[in-house]
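Below is one structure; the comments refer to it alone.
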Amino acid sequence: SDPNPDIRLLFLHFNTQFFWGSLSGIEVKWSPRMTLCAGLCVYEGRGGLCSVRLSLPLLKLRPRKDLVETLLHEMIHAYLFVTHNDSDHGDHGPNFHSHMQRINKATGANISVYHTFGDEVESYQQHW
């Protein structure tokens with residue numbers, strides 16, 4: 001586990017490796033207050049702009065693999081939004097699945113349609 005992973009560098013690497021460089025206009029950042037889900041792709045209007053947010057509280061204590069899989073999951077959403085203007089975030093349809101399987105096969109990762117880490121989410125909820 002990497003104590004201070006550079007998510008921007010990871011993002012740039014994956015963008016080139018798996019998304020044909022099409023996500024260069026997308027921002028990726030840590031969200032220190034997001035505790036209900038590990039990652040989110042936020043869509044900003046119809047101009048094809050979106051940003052990927054990763055939960056610092058949920059991911060900071062987890063293995064790097066979880067961070068990578070969460071980031072790739074959100075990058076698939078971003079890619080579908082940028083290329084198809086598909087902003088239905090709840091939609092893990094055939095397009096999402098085909099990219100998920102393609103990247104899992106290439107990397108040995110285990111990106112899935114879910115990435116809520118139940119234990120951490122519950123422990124944060126108990127503090128409210």
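The values are calculated or read from the model by the stated rules, or taken from the named source; none is laboratory data. None of the values given here were measured: they were computed from a predicted structure. Here Cβ is always computed from backbone atoms with ideal geometry, including for glycine, and neighbour counts include all displayed protein chains.
Contact map, the range 89-107: residues that are at positive phi paired with residues that are modelled with pLDDT of 90 or more and outside any helix (DSSP H, G or I), Cβ distance under 9 Å, separation 6+ or inter-chain. No pairs are found. Only one entry of THR107, THR70 meets the criterion of being at pLDDT 90 or above and farther than 18 Å from SER31 by Cβ, and that entry is THR107. Considering LEU10, LEU67, LEU80, which residue is free of Cβ contacts under 8 Å to residues at least 24 places away in the same chain, crowded, with 18+ Cβ neighbours inside 10 Å and outside any strand (DSSP E or B)? Unique residue meeting the criteria: LEU80.
ARG64 meets each of the listed conditions (1) modelled with pLDDT under 95; (2) out of contact with any Pro (no Cβ under 8 Å at 6 or more places or on another chain) apart from (2). With respect to LEU23, determine if the residue is modelled with pLDDT of 90 or more, surrounded by 12 or more Cβ atoms within 10 Å (Cβ to Cβ) and assigned to a helix (DSSP H, G or I). So LEU23 does not fit the description; no.
Among the residues of the range 85-98, are any buried (at least 20 other Cβ atoms within 10 Å of the Cβ) and at pLDDT 90 or above? No - not one qualifying residue is present in the range 85-98.
Within the range 29-38, does at least one residue satisfy the condition of being at pLDDT 85 or above, of a type in the set (Val, Ile, Thr) and either in contact with a Cys (Cβ under 7 Å, 6 or more places away or on another chain) or under 16 Å from PHE14 (Cβ atoms) (or both)? Scanning the range 29-38 turns up no residue that is at pLDDT 85 or above, of a type in the set (Val, Ile, Thr) and either in contact with a Cys (Cβ under 7 Å, 6 or more places away or on another chain) or under 16 Å from PHE14 (Cβ atoms) (or both). Residues that are modelled with pLDDT of 90 or more and assigned to a helix (DSSP H, G or I) do occur in the range 44-57, at least one of them.
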